Amino acid sequence: MKPRDIVVIPGDGIGPEVTTAVQRILEKAGAPIEWQTYQAGLTALAEGSEVMPQETLDAIQHHGIALKGPCTTPVGKGFSSVNVQLRKRLNLYAAVRPVRSLPGVKTRFENVDLVIIRENTEGLYSGVENEVTPGVVMSMKVASETACTRIARWAFRYATHRQRKKITVLHKANIMKLTDGLFIRCAQQIHKQEYPNIEYNELIIDAGCMRIVQDPAPFDMLLLENLYGDVVSDLCAGLIGGLGAVPGANIGDEHAVFEAVHGSAPDIAGKGVANPLALLMSAVMMLNYIADQHSDAGARKIATQIRNAYDQTLEDGCKTRDLGGELGTDAFADAVIERLG
Ligand code: NAI
């Protein structure tokens with residue numbers, strides 16, 4: 001792998017714990033990464049900056065890639081989400097979240113293998129809200145043809161490159177006829193005009209959720225607008241053992257930020273028990289992204305080596321508590337390092 005500067009944002013809550021563990025594994029695997037540490041979230045605020053400091057955004061723009069820990073967002077009050085700001089300001093329009101069954105982690109279903117593609121810049125999740133009059137508030141759901149077409153094309157292109165067979169759009173266009181209606185129309189059009197060989201179907205999201213939890217096997221890729229993608233990601237995490245095992249990437253045309261699906265988990269922060277696997281899997285996605293973008297076969301080799309090591313670790317029964325094991329964050333990282341080969 002060619003040497004490379006990568007921005008790292010440790011984040012809040014369990015963020016610094018899992019980030020340190022992942023950096024340690026990448027270093028032991030021989031990834032020649034020069035980490036450029038920047039802050040965001042409550043940690044940045046405590047240091048006297050904004051929650052989303054301009055210098056952090058500038059650094060990501062400059063280096064192109066970041067690995068990010070979770071950032072806390074206050075519920076029902078306070079500042080607006082760091083993640084929403086980051087994704088919108090860097091135009092990281094595609095969230096990619098692979099959800100797969102893991103060796104040694106027994107759940108109700110075997111062989112779950114889904115990829116969630118979430119539109120990352122529009123919809124109710126943008127949090128564009130205001131008070132109309134005391135006691136009456138409103139939230140704006142915006143959908144644009146440009147963003148809906150862009151995410152649909154991105155999803156179909158991903159399906160083609162990764163030999164995926166089918167895309168299912170989950171929507172509520174029976175009720176939100178204009179916004180979700182536009183989302184499905186754009187997806188239909190891209191399917192028909194550009195990717196007719198990929199199977200395509202649509203489900204109303206409520207019934208779709210029920211079908212996924214009854215039997216995920218018929219599903220391959222899910223394409224959703226922003227808020228639905230947020231909710232369904234956690235639902236799918238529940239199919240394979242929980243949030244400790246679902247990675248993610250936020251990808252735009254020029255930059256990419258890799259982060260786990262989970263949040264800052266304040267209930268377990270500072271206890272040394274958080275599972276670093278989801279962020280480690282996100283780092284593997286990052287290495288594969290580097291391999292694809294920069295024809296860097298060395299990055300792919302290290303990604304595969306780490307993936308084999310954590311699969312073997314789980315298969316050997318070395319797991320953190322959220323997955324039914326007993327290891328803490330550092331002990332799990334040590335177990336992966338021992339198996340790097
Ligand atoms: P959460 O994902 O932080 O936690 C939900 C549950 O899963 C908790 O019981 C937690 O202990 C457990 N969990 C999460 N990650 C884990 C890990 N790696 N290992 C073991 N257990 C894990 O979701 P919650 O509680 O809804 O949100 C907490 C904060 O995180 C909020 O401020 C929220 O806004 C923020 N958040 C940030 C995200 C990001 O920065 N990308 C994503 C989701 C939430």
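Things to note:
- Enumeration of residues in region 228-246 that are within 11 Å of the ligand (Cβ to nearest atom) and in contact (Cβ under 8 Å) with a residue 60 or more places away in the chain: Asp230, Ser233, Ala237, Gly241, Gly242, Leu243, Gly244, Ala245, Val246
- Residues that are within 16 Å of the ligand (Cβ to nearest atom) and surrounded by fewer than 20 Cβ atoms within 10 Å (Cβ to Cβ) occur in region 106-116; there is at least one.
- Considering only residues in region 322-341 that are within 15 Å of Ala31 (Cα to Cα) and outside any helix (DSSP H, G or I), the one that is nearest to the ligand (Cβ to nearest atom) turns out to be Leu340.
- Enumeration of residues in region 1-16 that are within 21 Å of Gly263 (Cα to Cα) and more than 9 Å from the ligand (Cβ to nearest atom): Val7, Val8, Ile9, Pro10, Pro16
- Among residues of region 266-313, those that are more than 16 Å from the ligand (Cβ to nearest atom), of a type in the set (Ser, Thr, Tyr) and either closer than 15 Å to Lys28 by Cα or surrounded by fewer than 17 Cβ atoms within 10 Å (Cβ to Cβ) (or both), counted: 2
- Members of region 306-331 found to be in contact with a helix residue (DSSP H, G or I) (Cβ under 9 Å, 6 or more places away or on another chain) and over 17 Å from Ile240 (Cβ atoms), listed by number: Ile306, Ala309, Gln312, Asp316, Cys318, Leu327, Gly328, Thr329, Asp330
- For the residues Glu225, Glu254, the requirement of being in contact with an Asp or Glu (Cβ under 6 Å, 6 or more places away or on another chain), away from the ligand (no atom under 13 Å from the Cβ) and under 19 Å from Tyr158 (Cα atoms) singles out Glu225.
- Test for Ile6: is it at pLDDT 95 or above, assigned to a helix (DSSP H, G or I), assigned by TED's automatic domain parsing to the domain that holds Ala274 and under 22 Å from Ala297 (Cα atoms): no
- Taking the criterion of being touching a strand residue (DSSP E or B) at 6+ places or on another chain (Cβ under 6 Å) and surrounded by fewer than 22 Cβ atoms within 10 Å (Cβ to Cβ), the only residue of region 218-232 that qualifies is Asp220.
- Of the numbered criteria (1) out of contact with any strand residue (DSSP E or B) (no Cβ under 7 Å at 6 or more places or on another chain); (2) surrounded by fewer than 18 Cβ atoms within 10 Å (Cβ to Cβ), the one Val132 fails is (1).
- Reported count of residues in region 291-321, each being part of a helix (DSSP H, G or I) and out of contact with any Lys or Arg (no Cβ under 6 Å at 6 or more places or on another chain), is 20.
The values are calculated or read from the model by the stated rules, or taken from the named source; none is laboratory data. Every value quoted in this text rests on a predicted model; they were computed, and no experiment measured them. Positions of Cβ are backbone-derived with ideal geometry, glycine not excepted, and every protein chain shown enters the neighbour counts.
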